[in-house]
Amino acid sequence: MSYTAAGTKVGFIGLGIMGAPMVRNLVAAGYDVTAFDLDPSRVEVAVKDGGKGAASIAETVREADVVITMVPASPQVEAVVLHEGGVLESIRPGSLIIDMSSITPQTSVDVAKAAADKGVQVLDAPVSGGEAGAVEGVLSIMVGGEQETFKAAEPILEALGKTIVLCGPHGSGQTVKAANQLIVAVNIQAVAEAVVFLEKSGVDLEAALDVLNGGLAGSTVLTRKKDSILAGDFRPGFKIDLHHKDMGIVTDAARNVGAAVPAGALLAQLVAALRQQGDGGLDHSALVRGVKRLSGEKLED
Ligand code: NAD
């Protein structure tokens, strides 16, 4: 069994910043995609991009071989997959659900168990690479589930990403994604502190960031976010609200296994504070705004 573009019908649920370009890439790879979102304007975008629009989850999944979900967090995955009117009610036995949302590892385990009772396979397959990675089809995809299911799903995942790795059993993809979010948050905060320090010191900020990115301090964060940080453009991208959710997942998961994540705990607080200051809808590079406030700057909203 291999879900190649020829003959595979995909149902896609969740057409936001990430889901929309992922649908575009699946259509470009030749998949027959039926798309649904609570927001009908997002469905219209998917139809313009070559997908078929659906008005309900049932309509999205009834004929699908593979159902992909890309919604904000655990409560939405539970609502979409497990609740009344959800995927498991209408999906055909023998089909596959690939949940690409970033959620708690435990929710992924619960979803896999509920699906197995109906003869449906599940992979947790959260991603990293941001909106740009989704648009370019070069996401890193960290997968949890069974080897045989992973092999069958590889052609679909290859239409969406570049680095695709099976990390272990159900929930493992989410655990690796939680670690990813810890590293990214600490990295952005370090860049944010450097930016404010450099600005206040009066050096040429752009030149400074360029040379830093060529050395050991270089990072994908600097490469991807430098221009928008210099322009003070914090449109999302990856929303602070979502990173707040992810810092909750990683600090909780780390506590459960007895791992100390002191920098992660600090970042969870800094992200939560930024959100309380009204920046939840901004890109996570808005951690720069948090450092500016701590450094005494009065920011315009
Ligand atoms: P988003 O808020 O832009 O999109 C989420 C979409 O899901 C929205 O269009 C919303 O209407 C839809 N939705 C919510 N509940 C639904 C339901 N019950 N039924 C149908 N549709 C529903 O979020 P996003 O940035 O696309 O992120 C999606 C997931 O991917 C999140 O788990 C996020 O943490 C993760 N992620 C995002 C990025 C990024 O850079 N944006 C990167 C990696 C991972």
Please name all residue pairs, on different chains or six or more residues apart, with Cβ atoms under 6 Å, provided the first residue is in the range 213-240 and is assigned by TED's automatic domain parsing to the domain that holds Leu182 and the second residue is among the charged types (D, E, K, R) and within 16 Å of the ligand (Cβ to nearest atom). Phe234/Asp283; Pro236/Asp283; Gly237/Glu131; Gly237/Asp283; Ile240/Arg275; Ile240/Asp279
Applying the selection to the range 72-84, what residues are more than 10 Å from the ligand (Cβ to nearest atom) and part of a loop (DSSP other than H, G, I, E, B)? Glu84
Considering the range 220-254 alone, what residues qualify as being surrounded by 14 or more Cβ atoms within 10 Å (Cβ to Cβ) and more than 16 Å from the ligand (Cβ to nearest atom)? Leu222, Lys226, Ala254
So in the range 257-281, with the set limited to residues that are closer than 19 Å to Phe234 by Cα and open to solvent by 50 Å² or more (accessible area, probe 1.4 Å), which one is nearest to the chain's Cα centre (by Cα)? Arg275
Residues of the range 28-60 being away from the ligand (no atom under 12 Å from the Cβ), surrounded by 20 or more Cβ atoms within 10 Å (Cβ to Cβ) and either among the aliphatic types (A, V, I, L, M) or assigned to a loop (DSSP other than H, G, I, E, B) (or both), in sequence order, are Tyr31, Val33, Gly51
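Quick check: anything in the range 165-172 hydroxyl-bearing (Ser, Thr, Tyr) and either without any contact (Cβ under 8 Å) to a residue 60 or more places away in the chain or open to solvent by 30 Å² or more (accessible area, probe 1.4 Å) (or both)?
Of all residues in the range 165-172, those hydroxyl-bearing (Ser, Thr, Tyr) come to 172.
Adding the requirement that they be either without any contact (Cβ under 8 Å) to a residue 60 or more places away in the chain or open to solvent by 30 Å² or more (accessible area, probe 1.4 Å) (or both) leaves none.
No, the range 165-172 contains no residue that is hydroxyl-bearing (Ser, Thr, Tyr) and either without any contact (Cβ under 8 Å) to a residue 60 or more places away in the chain or open to solvent by 30 Å² or more (accessible area, probe 1.4 Å) (or both).
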Name, by its number, the condition in (1) touching a residue at least 40 places away in the same chain (Cβ under 8 Å); (2) within 16 Å of the ligand (Cβ to nearest atom); (3) surrounded by fewer than 15 Cβ atoms within 10 Å (Cβ to Cβ) that does not hold for Lys200. (2)
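The values are calculated or read from the model by the stated rules, or taken from the named source; none is laboratory data. This is a predicted model, so every value here is computed, not measured. Neighbour counts run over all protein chains shown; Cβ positions are idealised from the backbone, glycine included. Just the protein is used for accessible areas: all its heavy atoms, side chains included, with ligands, DNA and RNA removed. Shrake-Rupley method; radii C 1.70, N 1.55, O 1.52, S 1.80 Å.
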